[in-house]
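Here's the structure, in structure tokens; my notes come after.
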Amino acid sequence: MATTDATLGFVGLGHMGGNMAARLLAAGYTVYGETQSRESAKQLVGEGLEWCETAGALSQAADVVFTSLPDDDVIEGVAAGTDGLLAGLGPEKIWVDMSTISPRVSRELAWQATERGATMLDAPVSGSVPQVQSGTLTIMVGGDEQAYARVEPILRELGTPTLVGENGQGLALKLAINISLAVQMLAFAEGLLLAKRSGVDPQRALDVMEASPIGSPMLHARAPLILDPPTDDAWFDLAFMHKDIKLALDAARSLEIPLPTAERAEQILGRASELGYDRRDLAVLFEVLEQIADRGEAMAS
């Protein structure tokens, strides 16, 4: 059952956003929705989603607006203009952005929301579609404490939220986590490739590695996919991971700190993109390394 009587809005109804909106509908909330194509939201409309033609109409109708969008350019486009999300915001309204974008852009948008009397929180998530569907996302929130207190019961429908600091700091922590996701998956793929090319049965190697101390929750979730990665319906595709690692490296440069393993992961992700793997799930990194090995490429150190 809904824990507050707030009406909600959701802009961006892709794999992540669509499943989040579905959970909020199932919890009994009134949810308005807007995305690029109404057709793609047909199932959610059938489940009770109230369709809005523009982000501005949605933010005017809802008390709490959620966004789940792919990058800086898209969210800035959604926010801007007479029909944009910011145009519909006003006093007492809260914008909860669950996208993974740059902390700099997020802080700029938070300032623009404040100018309209509203409050924006950055609330990126750690987890993929299975965690959305089970309500077990890890949610890192940056922004005003009072606004967080108002939306925390809603966020608990999606997972475990934690207020980590001021605007932009939720995103900084999300990027920190995604460095480990990329590097873990790459290191696991490297080890599996070494074992396979040494003559060890790859399935046996994978099973032993997964059961060993390196078997993190992320690796447990993706182990069944590594030797037979999906060709569609990626939980977290390489293009998004590549974008997040580049955001982390940009943040590191501004802080003048080294991120050597992130730099190496970015290099491999870039090569994966060149080989046509952008829309494949993170689990495909083993296949990428096999391709690089078969091509006899020596990746520069």
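The values are calculated or read from the model by the stated rules, or taken from the named source; none is laboratory data. Quick caveat: nothing in here was measured; it's all calculated off a predicted structure. So basically every Cβ, Gly included, is an ideal-geometry build from the backbone, and we count neighbours across all protein chains shown.
Looking at P258, P229, just one residue is in contact with a helix residue (DSSP H, G or I) (Cβ under 8 Å, 6 or more places away or on another chain), outside the structural domain of V132 (by TED's automatic domain parsing), under 25 Å from Q169 (Cβ atoms) and not in a helix (DSSP H, G or I), and that residue is P258.
Contact annotation: residue pairs with Cβ atoms under 8 Å, 6 or more positions apart or on different chains, pairing a residue in segment 60-76 that is over 20 Å from G90 (Cβ atoms) with a partner that is buried (at least 17 other Cβ atoms within 10 Å of the Cβ) and among the hydroxyl-bearing types (S, T, Y), are S68/S99; L69/S99; P70/S99; D71/S99; D72/S102.
Name the one entry in G88, G117 that is surrounded by fewer than 18 Cβ atoms within 10 Å (Cβ to Cβ) and touching a Leu at 6+ places or on another chain (Cβ under 9 Å). Explain how you work it out, then say what you get.
On the way: G88 fails: surrounded by fewer than 18 Cβ atoms within 10 Å (Cβ to Cβ).
Checking each option against the conditions leaves just G117.
Only a single item in (1) modelled with pLDDT of 95 or more; (2) closer than 19 Å to R222 by Cα is not met by L181, and it is number (1).
Taken over segment 191-231, the criterion of being in contact with an Asp or Glu (Cβ under 8 Å, 6 or more places away or on another chain) and on the phi > 0 side of the Ramachandran plot is satisfied by no residue. Only one entry in A223, A251 is within 12 Å of A283 (Cα to Cα) and within 24 Å of the chain's Cα centre (by Cα), namely A223. When D83 is tested against (1) among the acidic types (D, E); (2) closer than 23 Å to E152 by Cα; (3) more than 23 Å from the chain's Cα centre (by Cα), exactly one condition is not met: (2). Take the conditions of a type in the set (S, T, Y) and over 23 Å from the mean Cα position of the chain (by Cα) and apply them to T100. Does it pass? Here the answer is no, as T100 does not meet what is asked.
The residue list D72, D83, D122 contains one member that is among the acidic types (D, E) and either surrounded by 23 or more Cβ atoms within 10 Å (Cβ to Cβ) or at positive phi (or both), which is D122.
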